[in-house]
């Protein structure tokens, strides 16, 4: 078996929410297979002030911004907390094998440690279990495995210190799928899952169901030009709730337009998504997909989006200014069943990033986030975040 070191490869398929820049580590070749390794180490330190009291230390919203975790209540319950972690750090491993027919088959697997079960505690070990982000095979236009949903445009995510950035305004889903890409078009069949509001002795209980008889279907068109790119994606899926004698289902549709416009050295990124019953696909599931009304499902309409402008001060300093929003059109006739669901969420953020060398970034970011319920009750969060990241 021959083992030949290769030069470092160019930017690979590694995509991250912190930066649109991706790197592949030093590669090697064994026979007809090339191996790549990459990822990054990232430290996050966050001071967060919640107007209605901080969520528990184990809450995922303490590690990165999740709109549904912004607490609701009177402003006199203000509570500031400090958190520090390295859980966003990740690594990936990939292969590319030249086959006898002249085509190449690629694989990739990537893991990180966010939103995973602790393997220890913050008193002593700060251990966390790894979780699978991506695991897929790609061959001749086909992709099989887990990766970003075809309904999502990862390239539109702005550079932010927060793990997602425009959390309430973006489509954000990774899941198992079969995808086919031909030219500017791509189509996929993806793993279905429904989040349903049910009434169980108290209002607004979320039920997560996996009873769909069909996969989620997406179609996407990407237009690339000298000025930037535009992506239009469509989603169709089946919402289901099958418990006891209840066998309810509802069809859900959505459309999303996103892209990037170059402005010299600067750029402008955007997304606008509208649909019926989108649920978990937008806002990190800030609203459910539908409400169980007797034996029927009433899908929740929603509109979400974001705009982001990045300015490069010079070759080492840059800033991103971001606004993100989500709005749900809840059926107010069903409030006796749903209780007081989220009506809207929005956030503003600005950061300053410094890269003394290409792969090393120091940054500071301020984010203000608000969440309002259908009743008008609301809450907000102010977060100051400092990060250090090295990509390898």
| request: Just subtract the alpha-carbon distance of residue 223 and residue 211 from 0.36 nm times their residue separation and send over the number in nm, one decimal. | output: 0.8 nm
| field | Global geometry of segment 138-245, whether rounded, prolate or oblate, following the gyration tensor of its Cα atoms and the 1.5 cut on a/c | value | oblate
| query | Between rounded, prolate and oblate, where does segment 213-257 land on the alpha carbon gyration tensor, with a ≥ b ≥ c its root eigenvalues, rounded for a/c under 1.5, else prolate if a/b exceeds b/c? | reply | prolate
| field | Sequence ranges 167-173, 356-362, ranked by mean other-Cβ count within 10 angstrom, highest first | value | 167-173, 356-362
| request: As a check on your grasp of the helix formula, calculate [θ] at 222 nm for the chain: sum -39500 (n - 2.57) over DSSP H runs of n ≥ 4, divide by the residue count, round to the nearest 500. | output: 0 deg cm²/dmol
| What is the spin-label model distance, in nm, from residue 109 to residue 199 if the labels are put 7 Å beyond Cα along the C-beta direction? | 4.8 nm
| task | For residue 262 and residue 185, calculate 0.36 nm times their separation in residues minus their Cα-Cα distance, and state this gained length in nm to one decimal. | result | 25.5 nm
| task | Order the peptides 259-272, 218-231 from the highest to the lowest mean number of other Cβ atoms within 10 Å of their residues. | result | 259-272, 218-231
| message | With the crude spin-label approximation of a point 7 Å out along Cα→Cβ, what separation in nm comes out for residue 144 versus residue 83? | response | 3.8 nm
| note | Given 20 °C, 1.002 mPa s and a Kirkwood radius over Cα pairs, the Stokes-Einstein diffusion coefficient of the chain in µm²/s is 96 µm²/s
| request: Compute the length gained on full extension between residue 30 and residue 390: take 0.36 nm times their separation in residues and subtract their Cα-Cα distance, giving the result in nm to one decimal. | output: 126.8 nm
| segment 211-326: relative contact order as a whole-number percent, Cα under 8 Å and 6+ apart | 19 percent
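With a Förster radius of 25 Å, plug the Cβ-Cβ distance of residue 377 and residue 60 into 1/(1 + (r/R0)^6) and report the FRET value to the nearest 0.05. Kindly include the intermediate steps, with their values, before the conclusion.
Numbers: r = 22 Å, r/R0 = 0.89.
So, using R0 = 25 Å, E works out to roughly 0.70.
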| query | Sorted by mean Cβ packing within 10 Å, highest first, what order do the peptides 88-99, 204-215 take? | reply | 88-99, 204-215
| remark: Counting every C-alpha pair in segment 308-372, the percent lying more than 13 Å apart is 71 percent
| task | Classify segment 255-337 as rounded, prolate or oblate, taking a ≥ b ≥ c as the square roots of the eigenvalues of its Cα gyration tensor: rounded when a/c is under 1.5, otherwise prolate if a/b is larger than b/c and oblate if not. | result | prolate
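Every read-out reported here was derived from the displayed coordinates using simple, explicitly stated rules and does not represent laboratory data. The model shown is predicted, which means the values in this text are computed figures rather than measured ones. No Cβ is skipped: glycine too gets one built from the backbone with ideal geometry, and neighbour counts run over all protein chains shown.
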